[in-house]
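Structure record follows, encoded as structure tokens.
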Amino acid sequence: VNSRDGKLAMAHIYVAFIALFLGGFAGLLQTLVRSGEFTLPAGIGYYQLLTVHGVLLGLVLTTFFIIGFLFASLSKTAGTLSDKVRLSGWIGFWFMTVGTSMTATTILLGKASVLYTFYAPLMAHPAFYLGLTLVVVGSWISGFGMFSHFGKWKKANPGAVTPLLAFMAVITMILWLVATLGVAAAVLIQFLPWSLGLVETIDVLISRTLFWYFGHPLVYFWLLPAYMAWYVVIPKVIGAKIFSDALARLSFVLFLLFSIPVGFHHQLTEPGIDPAWKFLQVVLTFMVIIPSLMTAFSMFATFEMYGRSKGATGLFGWFRKLPWGDARFFAPFMGMLIFIPAGAGGVINASHQMNQVVHNTIWVTGHFHLTVATTVLLTFFGIAYWLIPHITGRVLTKAMNKLAIVQTIVWVVGMAFMSTAMHFAGLLGAPRRSSFSTYGDSAQAAEWIPYQIAQAIGGSILFIGIILVLVIVINLAFFAPKGETEFPVGEVADTAERTPMILENWKVWVGVLVALILIAYTIPFIDMIQNAPPGSKGFNNLL
Ligand code: HAS
């Protein structure tokens, strides 16, 4: 990666890791409060803390890390960024950073304890919404820079298959752009006017629907950069080849198509949406599982082909040949492994009847700590172990590599305690998002307490994991020995089929995407607007 492009990527990565520290600390305090053994000092509210945690980790850490990684990937595979694109990256970065500071300050001042989903009728200070708007606008500015860079490569190489990593970066950014239109509409048309006092009421159903139109693809915006590393980087790290370029591209195209029109699976218990539309979106949710299953198949194939090339025999002999001592492989691999139960949990959530059991319980919190906070985050850590030294011109020493292996184990153990306890407590009915309470000494709530203590133990282990990863990141950024570190980009296996050019036809895929969104959302929206309670202001006041 060109050194000036590297600086842009690093700026994003620094903010991401600062967010990890602050957000992780808030998480530790939360698990301690929920255990019933600790009370927050200095009048800090539980929901204030939970909002800091969700916003910093769910929105800030992820978005900054991803945009930094995407810029680095484009610079590596589609050529050095032009001055204009780099400038757009810096403008985007500053918009996002100023926006984050505004939002974080508002939360810390206790004026925006509305959680990361900022569901109406909870209302925050306008600065909270303005800050989030700046973050989104900043990401769009960076995104348009990325599109123009990719377009320039295509123009210079007519008819050629685009570099896989660059193709994946662009799909991830298109997904983000289309998804954020929903949250931008909710904030600009509903939340801001309402919190500024320009309108008196807000249409809750529409605001939640717009949020989940954004909120579900958001989780795939987190996942796809991890998949970029799995498909393209991991084969190179272990000395293997990419199983199939076409399969990898197809799975990304399927994510683009199916990750947006599925928001209703977060609203299955929401009144006001016709069950037929919920059913349609549940069917589409099951479609979005397919590219993950394709990814699992492809990763198994890569590992097995590699192991056999090293002389492995028997059904699972290849397993022993994998480079277990290399943290660049081990951390993402553990992420893959955890994604098996994590994904199974997602399939349970999406199944209508089972959703009635788990919705709004702490099971859901357990689900997303396995998905985003383990699968995705361990992969991001794995990326940091080569990307940071690649940019800073340093090397990961043997000692740091060992520490990174320990860090991964600590993370998996901490998460096993915390997330397993969350899943079990959820099945016993423990609500998510609640502080410690015995609910009037109810027998039911007493059953949750041992699990809440297990969560606190897991949370404390995880905080040690955060300290360890920060030690490694600071070392790689400032203190590790100087040297050259590779940006690993895998080559496609000779046995792979040729990539069909239809996969590069953006007009077709964006067209199908728009059609699917219109099918899934148009009539439900018309229904919501027509059936809005009298006097409620939202989109209906525009009609
Ligand atoms: Fe989810 C709620 C359904 C995936 C994140 N999800 C959430 C929330 C978050 C979240 C943050 O249908 C809470 C939002 C809130 O605050 O309310 N989720 C799914 C489904 C999937 C899924 C069907 N979720 C994710 C991912 C996330 C994420 C990914 C973050 C990154 N989720 C739901 C539903 C809800 C929900 C409902 C709402 C619940 C409610 O009622 O509120 C699927 O995409 C999962 C598919 C994945 C698989 C696994 C494939 C396995 C792979 C690994 C292969 C392993 C290898 C290693 C190669 C089927 C790819 C093998 C080696 C060996 C040796 C074995």
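Worth a mention:
- With distances taken between every two different alpha-carbon atoms, the stretch 95-217 has a Kirkwood hydrodynamic radius of 15.9 Å.
- Within straight-line reach of Lys321, meaning a Cα separation under 23 Å, sit the following lysines at least 8 residues removed in sequence or on another chain: Lys236, Lys241, Lys310, Lys398, Lys402.
- At a probe radius of 1.4 angstrom, the accessible area of the chain per residue rounds to 39 square angstrom.
- Lysine pair count for the stretch 1-153 with Cα-Cα distance under 16 Å and sequence separation of 8 or more or different chains is 4.
- Charge sum, other residues only, whose C-beta stays under 15 Å from Met294's C-beta, Lys/Arg counted +1 and Asp/Glu -1: -1
- For the stretch 209-272, the percent of C-alpha pairs falling in each 5 Å distance bin, counted from 0 to the bin holding the largest distance, reads 4, 16, 21, 18, 13, 11, 8, 6, 3, 1, 0.
- Cα-centre dipole for the chain with unit charges at Cβ (Lys and Arg positive, Asp and Glu negative), debye to 20: 1280
- Dividing the Cα radius of gyration of the stretch 145-236 by 2.2 N^0.38 Å, with N the residue count, gives 1.49.
- Surface composition of the chain: carbon and sulfur make up 71 percent of the accessible area, probe 1.4 Å.
- Per-residue [θ]222 nm for the chain (sum of -39500 (n - 2.57) over DSSP H runs n ≥ 4, rounded to 500): -23000 deg cm²/dmol
- Peptides 149-161, 14-26 ranked from most to least packed give 14-26, 149-161, packing being the mean of other C-beta atoms within 10 angstrom over each peptide's residues.
- Radius of gyration over Kirkwood radius for the stretch 1-149, both on Cα atoms: the Rg/Rh ratio is 1.06.
- Based on C-alpha pairs under 8 angstrom that are at least 6 apart in sequence, the stretch 27-131 has a relative contact order of 34 percent.
- For the chain, leaving out every one of the GluC sites (Glu not before Pro) that falls in a DSSP loop and has at most 15 other Cβ atoms within 10 Å, the longest unbroken run is 201-483.
- Unit Cα scatterers, Debye sum, the chain: log10 I(q)/I(0) for q = 0.11 Å⁻¹: -1.01
- Summed side-chain charge close to Pro389 - residues other than Pro389 whose Cβ falls under 15 Å, Lys, Arg +1, Asp, Glu -1: +3
- In Hz, Karplus ³J(HN,Hα) per residue of the stretch 379-384 (6.51, -1.76, 1.60; θ = phi - 60°; x = Gly, Pro): 5, 4, 4, x, 5, 4
- Sorting the segments 306-318, 460-472 by their mean number of nearby beta carbons within 10 angstrom, highest to lowest, gives 460-472, 306-318.
- Kirkwood hydrodynamic radius computed over the stretch 259-403 comes to 17.8 Å, based on all pairs of distinct alpha carbons.
- Ranked packing of 59-67, 129-137, 290-298, most packed first, by mean Cβ within 10 Å: 59-67, 129-137, 290-298
The values are calculated or read from the model by the stated rules, or taken from the named source; none is laboratory data. In this text, all values refer to a predicted model and were calculated from it rather than measured experimentally. Backbone-built Cβ (ideal geometry, glycine too); neighbour counts: all protein chains shown. These accessible areas exclude ligands, DNA and RNA; they are computed on the full protein's heavy atoms, side chains included. Shrake-Rupley method; radii C 1.70, N 1.55, O 1.52, S 1.80 Å.
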